[in-house]
Every structure is written in C-alpha cells, then in structure tokens.
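Colleague: Once you've had a glance at the structure underneath, I'll fire off some questions.
Computed from the coordinates by the stated procedures, all read-outs in this text should not be read as laboratory data. Only a predicted model underlies this, so the values are computations on that prediction, with no experimental measurement involved. With ideal geometry, Cβ positions are generated from the backbone for all residues, glycine too; neighbour counts draw on all protein chains shown.
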There are 2 protein chains.
Amino acid sequence: MLDRPHKGDEVATMMDEMGRKARAAARVLAIAPAQQKTQALEAMAAALVAASDDIIEANRRDMEEGEKAGLSPAMLDRLKLTRERVQAIADGVRAIAALDDPVGAVIAAWDRPNGLKIERVRTPLGVIGVIYESRPNVTADAGALCLKAGNAVILRGGSDSVNSSSAIHACLARGLEEAGLPAEAIQYVPTTDRAAVGEMLKGLSGNLDVIVPRGGRSLVERVQTEARVPVFAHLEGLCHLYVDASADLDMAVKLAVNAKMRRTGICGAAETLLVDRAAAATHLEPILAALSAAGCEVRGDAAVIATLPTATPATEEDWSTEYLDAIISAKLVDGVEGAIDHIGRYSSSHTEAIVAEDAQAVEKFFREVDSAILLHNASTQFADGGEFGMGAEIGIATGRMHARGPVGVEQLTSFKYRVHGSGQTRP
Amino acid sequence: MLDRPHKGDEVATMMDEMGRKARAAARVLAIAPAQQKTQALEAMAAALVAASDDIIEANRRDMEEGEKAGLSPAMLDRLKLTRERVQAIADGVRAIAALDDPVGAVIAAWDRPNGLKIERVRTPLGVIGVIYESRPNVTADAGALCLKAGNAVILRGGSDSVNSSSAIHACLARGLEEAGLPAEAIQYVPTTDRAAVGEMLKGLSGNLDVIVPRGGRSLVERVQTEARVPVFAHLEGLCHLYVDASADLDMAVKLAVNAKMRRTGICGAAETLLVDRAAAATHLEPILAALSAAGCEVRGDAAVIATLPTATPATEEDWSTEYLDAIISAKLVDGVEGAIDHIGRYSSSHTEAIVAEDAQAVEKFFREVDSAILLHNASTQFADGGEFGMGAEIGIATGRMHARGPVGVEQLTSFKYRVHGSGQTRP
C-alpha cells in the first residue's frame, strides 16, 4: 500500500475511513481502564525492543533514500536510528506508561450554597491528528502520549521517514492488540501523497478534533491557513535572551553560551541576544567573546560590530530568523522596555529569558512579554516538557488556545463537570 | 453610520480597521492594573443606570421594528428592555467588577529538582469576537466579561436589537474612557450588513483570536463552517433527563417538572425524558402525569402513549429537536446503558442529568456520557455560570477545546509559564 500511487479520490476515501475507525476507537479508549492503557504502552515498549533489527533495517532504507535525495547531514542525523535510539524510544514509551492517568482526574472541586457538589474532571479530547516531518521517534512519542490521554490518533509522518515510522507504528499496533484495545486507536497514514494532509486539514468529516503540526515554518503555515479544525500551533522557536544592566556578569556569560550553543538545533535554542545599553561597557564584550570562543557566529548592530571584530552586520531579516545553527543575532536595547519592544515585534511567542538581579525589571519582563515560557536567570534550553516535569511532550505550543507551552498528557485532555445533588430544583 | 448601506469592500475596510484598533487596545488591557479595569466596569454600570431612558427609548424603536417584522412573542420578550431589566444589566456589570481579577493569577506552581521554580499564570486571550442574536443584554455581559479578563472584544449583535445594543455599548465606551482605558477595547459593529460577520469569520487579518457565537443553530453552524479562527462552539442545549429504576420517585417527578418547565426557553431546559424500562410500571406514569399537569405536551414512544392518553407519537426528528417550549420527548430505555446510547446518539453534548440512588449507575453515567455538564439528582436548569459560582457567563460551550461548559472570566483567559532560576544551565 505504501508504494503504489494514490489518486485524489482514493486518498479521500481512505482518509475518511481512517477517521471513522479512529472515532470508533476513541469511544473505546475514553472509557478504557487506566491499567489497560498502561499495559498497552508497556507491550508497545517491549515490541519496539524486540523489533529493533526490523526498525533499523527499515531506517536503513530511509537513510539510503535520504542520501540519494540529498538531505543535509543535520536532516540525516535526525532521521537516523541506532540500537541505542530505538532503546531510547522504548524507554520514552515506558516513561509515559508510568505517568499518572489523566482521564477522570479531578482538576477542581467546590460546593455551592444550595448543596450541589461540583467537580471538574479531565476527559479525552477525542481524535487527534499529528502531522510531522523527519524524526521517526515522533511516531512513538505522539502515539503513546495520545493513548495515555485516552485519545485516538492519526499520525502523518514525513515522507523521508516513512519506512522507519511504519516499522515503529507496527509495534504500537501490536501493543494495543496485546492489551485488548483496538489497533485503530493509533493509525499511521500509509501514503506519502500530500492529499492525505489536505484531507486531515478538512477534518475527516468531523472525525478529527484537533491537529498538532510539528515541523518547519512551511508545514505549520499550511496547517494554520488550511485547517478547518482546531490546531495546536507549534511555530518556530525564535527565542530571545535579554541581559539587563543588573545581571550578574558571570551568570550572563554562562547562560548565553548554554542558551545558544548547548544544542543549536532545538526550538528552545536562543536566536537573539539583547543587551541593556546601560551594560554596553561592562557586559557586551565578555558575552560576545564567550559566544565567539564557543564557535558561534555573531551578527549584530553597530555596537556589536565595534565590540567583536569577527561580528558581521545583522540585516532586518536576521531579527526574524530561527537559525537552528551556531549563529546568533545580537544588539543593544534600551533597558527592559527596549527588550520588551523588540521581543513584541520579532518573537514567535515561544520562550524568552531575562538575566537580571533587579526584581522590578524581572517583574516587568514577566508581566509584559506574552510568550508561552518566560525564564529568569535560566537557560532558554529548559523549554521542554521533560524539563518541566511533564514526563514527555508532543511539542511546544505557541498559540494561546487550549494548550500553551509544552504539550504533555494533560494538555491533550479536555474536561467535563460532574455535579452531585440531592434533589435540588432551580428556583 | 448605522443606517446607510455598506458595500462589501467598505465593510471589509471598516472591519479590518476595527481589528487593528482592537489589537492595539488589547495590548493596553493586557497590562492594565486590576483596579483600573474594576473602575471602568463600575463606571459602565453607573452610565447604564444614568442612560436608562435613552436605552429604553432605543429599545422602543427596536420593538416597533420587531413587531413590524413579525417577530414571535417569545422573540419580542427577549428583546424588550424595561427600567428593571436595565438595572439588572447594570447589576450584572457590577457583579463582574467585583470578581477576582484573573490576569496574573497563579494557576499552578511547582519546583524542579534543579531548583527551577515554575508557575503557570493566567493571561488574556487577546481579541475576542462575539456574534449574537436578539438579547441586547449580551452586549453588556460579553463586553464586561471580556474586559475583566483583559481582552479586547468586537461585538456583533443581532439586527433586531441594533438600537438597544448601540445605546448599551455607548455606556460601556463611556466607562472605559472614564477609567482612562481605550474605548476601542469594546467595539460594537455599527452595521447590520451580514458581510461584517463574514469578515470576522476570516479573522480580521490575524487580529481576532477567537470567536464566540451565541445564537441559534443556523448562526452556530455558519460560524463553525466558515470560521478561520478558533471558535468556542455554543451548540443548542439538547438536554436529557434519565430516570433510573433506582430513582426516588418523588424526586424524579419534581426534577422532571423543574428541568423541563421552570423556564422552557433556556439552553439548560430538558428536551428529552428517558425512563428506565425496569421502572416503567412504577415511575413512568407519575412523571408523565406531572409534566402534563404542568402544561407540558408529551411526544413519546409506544409505552409513553399507552401511559399518557394525551401523548402523541414522537418522530425520529423529535429526538434531535431542541423545543425551547413546553414540549418534551419521552421514551423507555434499557437502563443506564440504554440512556448512554440514546444520549450518545442525539445529545448536543451540553447537559444531561441522571436521577438515581444506585451509585454504580451514577458512576457509569458520569464516566461514559461525554457532555460538558453531568448532573446527579439535580435539575438540568442548573447549567449556568452563575449557578456554578462563576459570577457570570458568556454562554455554555459545547466543544471540547479550551473552554467547555459555562464560559466565565477564567475561560476567557490563556496562561503562560514563569520560571525563576538562579543561573541554571541545561546539562
């Protein structure tokens, strides 16, 4: 089924059928006992380990195709699976199995003067569509997280990783079946035809409740423009690090290097350094020198160029570029106010950090910057569901509806009200 | 501006301009002190009372037009404003003023082993579009609630109430100005041209973050089909009351009459009565007799017709009809399982109630029915933000994304994470 071409109508019919099966599976999952879901997740992890060789062999085919297609070394590295990486994927699924079951958890409870006892309890969202690009591990992470939250999921992976993802998906389906849950709870779209994405964006005749796009700007923009169903937007991470004049210099140097250089390819990596003009004489040079010494290219304004000989001028485009590479844009701003203005103009509302000892500056930054994650005296690279203690995440949502920041198991749920009375009528 | 016709392009330009002004106002509101918002709300309430005569005069013109246009008595009653009703609208705004300010409230807080202190705090959503029909009080309720939550709002009222709503809106704008907040924080669309709704559904060039439709099925369906921005769906209230064989008979009779007949025109009114087949001999007749005695028309299945001489046969359409009138559909079902099946098939996911003494039946009903509000031994007419202790509501959301159930001040917010560190870098 993977290799033969699909006509548009055929794809539409197939996707609609997947939607119907997902809805039916979601009904079963919504009331499945926590223990049964845990059992399925553990069986999935075991199946992944047992199928390591098959998964790596499937991945070898993807890698060959990728090399032929001229994927960049960074892309090929994201795609590549090794025995250790498959083990890490299985461990991730086991970690999700070990999380508390969110479904039925009481989020809030209060009593009314008339004796009504009101509880707000978590429920599944329904059917989730995840559209992602090259990393095959998303297949397992997203599938497992959706299941834990009692949702059915339709996974549409990138064409680069279709063999790897299919092999991983087979293990997830096996785990579901071993636990007596419908295999259709986690479906993988078995075609690389882009028409399948179009069908998902139309909502599969009402059988898709929300779409989570995970990928580059063009994918996310297509999803946001075309989707007729709610979307958990995952824009890029154009993260800023602002160094206030009150900042401890050593800390600022250490945080700037970590925020930019620890891993340059993740969405929590800093892309722009903003330094308080009042600290130009004291903080700018040591920070730029440390970044440069760590192998980072610096593009900056006049002050930056005057300070660091190797720096080149930043263009307007640089301020809105997510490099995902060892490059940073840098400039002076007029205090926290100037930082807030710059961030308001260029940020993708993902993550921003302030380095400061002045509590008022921090409070102003925290109050006025409207991004999903704000950090004080900590690296932007902490923008991660695992680092937040959520166990696992499907991505970082940059929108303001429903989910924001790391999307973990809880963010993949809705809620309902349960009200207990003793015969109350409304006067 | 109200009375002259608008060409499509003119409407588009005007709406786009409203969107830009709303976005600018939202930036101011997002960081406005709680006290300033409270002051604005109190000034609005005072302005409403002071302008009572003008509002009633404007309403008189709407009533005249409505009578000419042949509105039903029920529609005219919803439209009508009296001195008492204007006072009640002002009291409602004052009650919203007295609520706790949600913006900046800490929803959750936890520490990480590495010393990071994480807080999840409430933020405004941004710009909200409210599209509603005849009731002019929604102008004040929605405007005040959105302001309290730090959001700008664009209100599109029904053409029936355009004069009343404009007069009320003038008082809201006055309150904002008296408190030194931008009047554009609450804008009222000054045209009855339906193209204005179309522009809102397109999202006003990214300046509208969410749409709240409040009205009948055709409005809500248009919004859900056409909207390119997130929607807090407010479907109709096709509410069910299920009477289990374990129900206390007196309580069941009392609850059925209240759920249906207290007010028949609200979305929390019961529309379908489901009675456990095991209680056919004991419970069915007294409940039907009480409903009939209270003036309710009953449409039912064979058992109902055999029990109540005045009952008429229910058609398939009856099971999916929100009567909003003194009519109920009624049938026997096979226990709680049968009730869950019927509700799953016909419910609008708004509110359902179970009358039962059997805790297992209640637990099954609460676990398996996926509606926003579930009640045990209480009237469906409690489906209301005020009755839930939320102070006020903009409606009852029937979707599962972001808001569900009564949409009060908290449901009109988003959140962000504030993380305090002491120099942590990610290993």
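Colleague: Roughly how crowded by other chains is peptide A:406-417, in terms of the mean Cβ count from those chains within 10 Å of each of its Cβ atoms? Let's see the in-between values first.
Modeller: Working: counts 1, 0, 0, 0, 0, 0, 0, 1, 8, 5, 11, 12.
Across A:406-417, the average partner-chain Cβ count within 10 Å equals 3.
Colleague: Right, next: Cut-off 10 angstrom, C-alpha nodes, Gaussian network model of chain B. Which of B:Val162, B:Val138, B:Val369 fluctuates the most?
Modeller: Maximum among the listed residues: B:Val369.
Colleague: Cut-off is 10 Å between beta-carbons; in what order do B:Glu17, B:Glu184, B:Glu322 appear when sorted fewest neighbours first?
Modeller: Numbers: B:Glu17 14, B:Glu184 21, B:Glu322 18.
By the 10 Å Cβ count, ascending, the order reads B:Glu17, B:Glu322, B:Glu184.
Colleague: Quick one: check the C-alpha center-to-center distance for the stretch A:265-279 versus the stretch B:293-354, whole angstrom.
Modeller: The stretch A:265-279 and the stretch B:293-354 have Cα centres spaced 62 Å from each other.
Colleague: Which chain A residue sits with its beta carbon nearest the axis carrying A onto B, and how many Å away is it, rounded to a whole number?
Modeller: Of all Cβ atoms in A, the one closest to the rotation axis yields A:His402, 2.
Colleague: How much length is gained if the chain between B:Gln360 and B:Asp54 is pulled fully straight, taking 0.36 nm per residue apart and subtracting their Cα-Cα distance, in nm to one decimal?
Modeller: Details: separation 306, 0.36 × 306 = 110.16 nm, distance 5.68 nm.
My answer for the length gained is 104.5 nm.
Colleague: Counting other C-beta atoms within 10 Å, which of A:Arg156, A:Arg112 has the fewest, and how do the rest follow? Show your work: numbers first, answer last.
Modeller: Numbers: A:Arg156 23, A:Arg112 16.
Fewest-to-most Cβ neighbours within 10 Å comes out as A:Arg112, A:Arg156.
Colleague: Can I ask one more? What residues of the stretch B:236-276 lie in the reach of a label at B:Ala74, counting those whose backbone N is under 14 Å from a point 7 Å from the Cα along Cα→Cβ?
Modeller: Under cut-off, by backbone N: B:236-239, B:260-272.
Colleague: Roughly how many Å is it from the Cα centre of the stretch B:80-157 to that of the stretch B:9-41, as a whole number?
Modeller: Using only Cα atoms to place each centre, the spacing works out to 14 Å.
Colleague: Under the rule of at least 5 residues apart or a separate chain, name every residue whose amide H is placed under 5 Å from the amide H of B:Ala403.
Modeller: Correct list: empty.
Colleague: Could I ask something else about it? Quick one: compute the contact order of chain B, relative version, from alpha carbon pairs under 8 angstrom and 6+ residues apart, as a percent. Provide the component values of the computation, followed by the final result.
Modeller: Working: 905 pairs, mean separation 77.2, N = 427.
After rounding, I find 18 percent.
Colleague: Still on this structure, I have one more. Under a 5 Å amide H to amide H cut-off, with H placed in plane at 1.01 Å, what residues pair with A:Val153 once short-range neighbours are removed?
Modeller: A:Ile128, A:Ile186, A:Gln187
Colleague: Further, regarding this structure: Work out the mean other chain Cβ neighbour count within 10 Å for the residues of A:376-387 and drop it here as an integer. Display every interim value, and only then the final one.
Modeller: Numbers: counts 7, 7, 12, 5, 1, 4, 9, 3, 1, 0, 0, 7.
Averaged over the peptide's residues, the number is 5.
Colleague: At what distance in angstrom do the alpha carbon centres of the stretch A:200-239 and the stretch B:47-66 lie from each other?
Modeller: Taking the Cα centre of the stretch B:47-66 as reference, the centre of the stretch A:200-239 is 45 Å away.
Colleague: Can you tell me which of B:Ala167, B:Ala196, B:Ala306 moves the most in a GNM of chain B? Springs connect C-alpha atoms under 10 Å apart.
Modeller: Of the options given, B:Ala306 has the highest mean-square fluctuation.
Colleague: Springs between alpha-carbon pairs under 10 angstrom, Gaussian network model over chain A: which of A:Met18, A:Met390, A:Met401 fluctuates most?
Modeller: A:Met401
Colleague: Among B:414-425, A:122-133, how do they line up by average Cβ neighbours within 10 Å per residue, starting with the highest? Mind showing how you got there, number by number?
Modeller: Values: B:414-425: 19.9, A:122-133: 24.7.
By packing density, highest mean first, the sequence is A:122-133, B:414-425.
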